[in-house]
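First up is the structure itself, then whatever we jot down about it.
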Amino acid sequence: MSALAALEASLDPSCVLVEPEAMAPFLRDWRGRRQGQAQAVLRPRSVEDVSAILRWASATRTPVVPQGGNTGLSGGATPDASGDAVVLSLGRLNRIRSLDRAGDTLTAEAGCVLAHVQQAAAEAGRLFPLSLGSEGSCQVGGIVATNAGGINVIRYGTVRDLVLGLDYVRADGAVIHGSKPLRKDNAGYALRDLLIGSEGTLAVITAATFRLFPQPRASATALCGLASPNAAIALLAALREVAGERISSFELMCDTELGLTLELVAGTALPLGGRHPWYVFIELADSDPEAPIEATLTACLATALERDLLSDAVVAHSGAQAQAIWHLRFAVAEANRLAGQSVPHDTSVATADVPAFIAGVGAVAAARFPAARPLFVGHVGDGNIHANLLFPKAFFPDAASYAETAERVNAAVFEIAARLGGSITAEHGIGRSFVGALRRAAQPEALELMRAVKHAFDPLGILNPGAVLGDD
């Protein structure tokens, strides 16, 4: 009996996919840029199944690639081309185990879709604030494993700030029960924090307990047109003076990016009087239904217009208008996919350094990659700017040509971020795409500690080999 046949005998037949057609969606990333191979796709129904799979994998030294909604952007959930690995898809562990209104906590299994978690919280009169463009398909295990961010980080933080506890299974199959709904717990090392952002290289996350917040009862959304990133930073400072922590989102986008969205994505329209070099998307929210949120935002924008920080602004007066404004922001990924071949980035710098970072990338693009259009969109309030260089369709004759250019573009953009004291990734992770970049960017002593942590959790190196730290 083969090793895989022995595992199949211990699991429900529906847990094991081996037919090429059935496995195909799990073996490529959603953008179609990575294609891998695997012995099988394993779809456990329970934590006990996950434990059995990892015990088998350890005994047979079979590489395991954990996978959630397969919406990642750094190649961390796609197996390599060897065909040696199995993909461990957590989508069927999809129960919301508990929701505590008194403690404002929710425990969800790894396969729960983010939008379903948001909905469950809303039905209980609470808010789960993580909001991403892929929230209709990304899953709890993936958002924790990548320490996802999104548009509300300025107020609520990243996933790391939202997680209270985790359940996970070690590489040897041992089940660790840590999803406690505790706000304070100083009993030993915070292993939870090592797993958040570890991209499936340390353990397989099976459930997470999250913080919840009061549901906003008053909100206001605006879209502003302005002249420069410097004006956006000045506007953010002015808004903080009057709105403080009621700022839920403050997003920046260049006109080239918005133009692509208006051109290529159905159902998008610009609610301003004309086009502007830059745009800011703003949302304020308050749990008090009587809070004068819209009046506060309107007054602040009027003052900003008087100070020439803005060229134009519109405040949504209905939920439909607010949704249409945010559709422009969330449609960016689809617009870029349709527009051509891009080299995307997920860098972060200090908020005050955002204008310098944007100017630096623009200058490099003009001097070294003149065929590309630089596109900028991101979470300016927390310094996470997505700088994408968009090349014309059919510009690259083959995958090798794209990879060579992408390597040079990445090196240039990462050098600018490093010069400003920033990070090569803020929310997408290292995956397999940026292993070499991490080795160049990280302090050698820090890499040594990371390798020691990896060995402590996964001494055989079977969990997502090749991701984050590479194969060493």
Check on residue 289, under 29 Å from residue 216 (Cα atoms), over 20 Å from the mean Cα position of the chain (by Cα) and not aliphatic (A, V, I, L, M): yes
Boolean, residue 202 is under 25 Å from the mean Cα position of the chain (by Cα), at pLDDT 95 or above, under 20 Å from residue 148 (Cα atoms) and part of a loop (DSSP other than H, G, I, E, B): yes
Any hit, region 62-85, residues being modelled with pLDDT of 95 or more, surrounded by fewer than 19 Cβ atoms within 10 Å (Cβ to Cβ) and in a loop (DSSP other than H, G, I, E, B): no
Residues of region 209-233 classified as of a type in the set (S, T, N, Q), surrounded by fewer than 24 Cβ atoms within 10 Å (Cβ to Cβ), in contact with a Pro (Cβ under 8 Å, 6 or more places away or on another chain) and closer than 30 Å to residue 112 by Cβ, total: 0
Any hit, region 246-265, residues being out of contact with any helix residue (DSSP H, G or I) (no Cβ under 7 Å at 6 or more places or on another chain), more than 20 Å from residue 381 (Cβ to Cβ) and outside any helix (DSSP H, G or I): no
Flag for residue 144 being buried (at least 23 other Cβ atoms within 10 Å of the Cβ), modelled with pLDDT of 95 or more and within 11 Å of the chain's Cα centre (by Cα): yes
Candidates 150, 157, filtered to the one that is closer than 27 Å to residue 134 by Cα, without any contact (Cβ under 8 Å) to a residue 24 or more places away in the chain and surrounded by fewer than 24 Cβ atoms within 10 Å (Cβ to Cβ): 157
Scan of region 30-53 for residues that are within 26 Å of the chain's Cα centre (by Cα) and among the aliphatic types (A, V, I, L, M), ordered by number: 38, 41, 42, 47, 50
Any hit, region 352-367, residues being modelled with pLDDT of 90 or more and outside any helix (DSSP H, G or I): no
Residue 127 assigned by TED's automatic domain parsing to the domain that holds residue 201 and in contact (Cβ under 8 Å) with a residue 40 or more places away in the chain: yes
Every pair of residues 6+ apart whose Cβ atoms lie under 6 Å, when the first sits in region 290-315 and is part of a loop (DSSP other than H, G, I, E, B) while the second is not aliphatic (A, V, I, L, M): 310/224; 311/225; 311/276
Of all residues in region 336-377 being hydroxyl-bearing (Ser, Thr, Tyr) and in contact (Cβ under 8 Å) with a residue 60 or more places away in the chain, the one that is surrounded by the fewest Cβ atoms within 10 Å (Cβ to Cβ): 351
Scan of region 164-208 for residues that are in contact with a Phe, Trp or Tyr (Cβ under 6 Å, 6 or more places away or on another chain) and either without any contact (Cβ under 8 Å) to a residue 12 or more places away in the chain or surrounded by fewer than 18 Cβ atoms within 10 Å (Cβ to Cβ) (or both), ordered by number: 176
Tally of residues being touching a helix residue (DSSP H, G or I) at 6+ places or on another chain (Cβ under 7 Å), in a strand (DSSP E or B) and not aromatic (Phe, Trp, Tyr) across region 370-416: 10
Residue match in region 147-155 (condition: at pLDDT below 95 and in contact with a Cys (Cβ under 7 Å, 6 or more places away or on another chain)): no
Residue in region 426-472 that is surrounded by the most Cβ atoms within 10 Å (Cβ to Cβ), counting only those that are among the acidic types (Asp, Glu) and touching a residue at least 40 places away in the same chain (Cβ under 8 Å): 427
Failed item, numbered, when residue 423 is tested on (1) free of Cβ contacts under 8 Å to residues at least 60 places away in the same chain; (2) not assigned by TED's automatic domain parsing to the domain that holds residue 268: (1)
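The values are calculated or read from the model by the stated rules, or taken from the named source; none is laboratory data. Note that the structure is a prediction, hence the values are computed from the model and not measured. Cβ sites come from the backbone with ideal geometry, for glycine too, and all protein chains shown count toward neighbours.
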